[in-house]
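Novice: I am attaching a structure below and will ask some questions about it afterwards.
The values are calculated or read from the model by the stated rules, or taken from the named source; none is laboratory data. Note that the structure is a prediction, hence the values are computed from the model and not measured. Cβ coordinates were reconstructed from backbone atoms using ideal geometry, including for glycine residues, and neighbour counts include every protein chain displayed.
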Amino acid sequence: MRLTDNDFQLFGLPERQAQDRTAIDARWKALQAEVHPDRFAAEGAAAQRVAMQWAMRVNEGYQRLKDPLRRAAYLCELRGVPVQAENNTQMPTAFLMQQMEWREALDAASSEGELEALDAEAAQAETAALVRAQRLLDDNNDAPAAAAQVRALMFIQRFRADIDQRLAALDA
């Protein structure tokens, strides 16, 4: 292991979007056991600091790899196409229309049932977008199109968080 390894190399995983979450979790636990600072207590403060760096690096990699959206964004970056969600908001017209319809529906929703139905629709769109992102990355090796898909996924996740906030407000 080297600190400069990418997350997939560090975890011994193929650089693909499709991953087995159980394998990621198991590898994280194994790596943490290897690099935990307590294992180096007898070797002094310097060894513990290095172990702490390793533990942080392993945790950062784990956070990226376990989350399908973050993993997709990371793969795009590794393939030379950063998502740049804050600078690039370009989306297909059909998706922009869907966003507007969802926002209008969210504004008009007044009951828990309406909000839950809207969330179910967004969840279905999120699942479909993740499948498309995986296909673009793993089968087509099309990082630019995958980056656009990741930006769409980011919107969907933010929208679902907005729905959650509205649902919480109804419960309050």
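Novice: What number of residues within the range 120-160 satisfy the criterion of being acidic (Asp, Glu) and in contact with a Lys or Arg (Cβ under 6 Å, 6 or more places away or on another chain)?
Specialist: Summing the residues that are acidic (Asp, Glu) and in contact with a Lys or Arg (Cβ under 6 Å, 6 or more places away or on another chain) in the range 120-160 gives 1.
Novice: Additional query: If you scan the range 66-84, which residues turn out to be farther than 15 Å from ALA133 by Cβ and surrounded by 20 or more Cβ atoms within 10 Å (Cβ to Cβ)?
Specialist: Result: no residue meets the conditions.
Novice: In addition: Please go through (1) loosely packed, with under 12 Cβ neighbours inside 10 Å; (2) free of Cβ contacts under 8 Å to residues at least 40 places away in the same chain for THR89 and return the number of the only condition it doesn't satisfy.
Specialist: (2)
Novice: Among the residues of the range 35-47, write down those that are without any contact (Cβ under 8 Å) to a residue 12 or more places away in the chain and surrounded by fewer than 16 Cβ atoms within 10 Å (Cβ to Cβ).
Specialist: ASP38, ALA41, ALA42, GLU43, GLY44, ALA45, ALA46, ALA47
Novice: Give me the residue from the range 1-34 that is under 27 Å from ARG132 (Cβ atoms) and exposed (fewer than 12 other Cβ atoms within 10 Å of the Cβ) and, out of that set, nearest to the chain's Cα centre (by Cα).
Specialist: ARG21
Novice: Right, here's the next one. Inspect all residues belonging to the range 119-137 and state whether any of them is surrounded by fewer than 19 Cβ atoms within 10 Å (Cβ to Cβ), in a loop (DSSP other than H, G, I, E, B) and either in contact (Cβ under 8 Å) with a residue 40 or more places away in the chain or outside the structural domain of ASP20 (by TED's automatic domain parsing) (or both).
Specialist: No: zero hits.
Novice: Might you let me know whether the range 143-152 holds any residue that is part of a helix (DSSP H, G or I), surrounded by 16 or more Cβ atoms within 10 Å (Cβ to Cβ) and out of contact with any helix residue (DSSP H, G or I) (no Cβ under 8 Å at 6 or more places or on another chain)?
Specialist: yes
Novice: Follow-up. Suppose we filter ALA42, ALA46, ALA23, ALA51 for residues that are modelled with pLDDT of 90 or more and aliphatic (A, V, I, L, M); which single one remains?
Specialist: Among ALA42, ALA46, ALA23, ALA51, only ALA23 is modelled with pLDDT of 90 or more and aliphatic (A, V, I, L, M).
Novice: What are the pairs, 6+ residues apart or on separate chains, where a residue within the range 51-72 that is in contact (Cβ under 8 Å) with a residue 12 or more places away in the chain has its Cβ under 6 Å from a residue that is among the polar types (S, T, N, Q) and surrounded by 19 or more Cβ atoms within 10 Å (Cβ to Cβ)?
Specialist: Between residues of the range 51-72 that are in contact (Cβ under 8 Å) with a residue 12 or more places away in the chain and residues that are among the polar types (S, T, N, Q) and surrounded by 19 or more Cβ atoms within 10 Å (Cβ to Cβ), the close pairs are ALA72/GLN17.
Novice: It is to be established whether one or more residues within the range 86-97 are β-branched (Val, Ile, Thr) and under 22 Å from the mean Cα position of the chain (by Cα).
Specialist: Yes; the residues of the range 86-97 include at least one that is β-branched (Val, Ile, Thr) and under 22 Å from the mean Cα position of the chain (by Cα).
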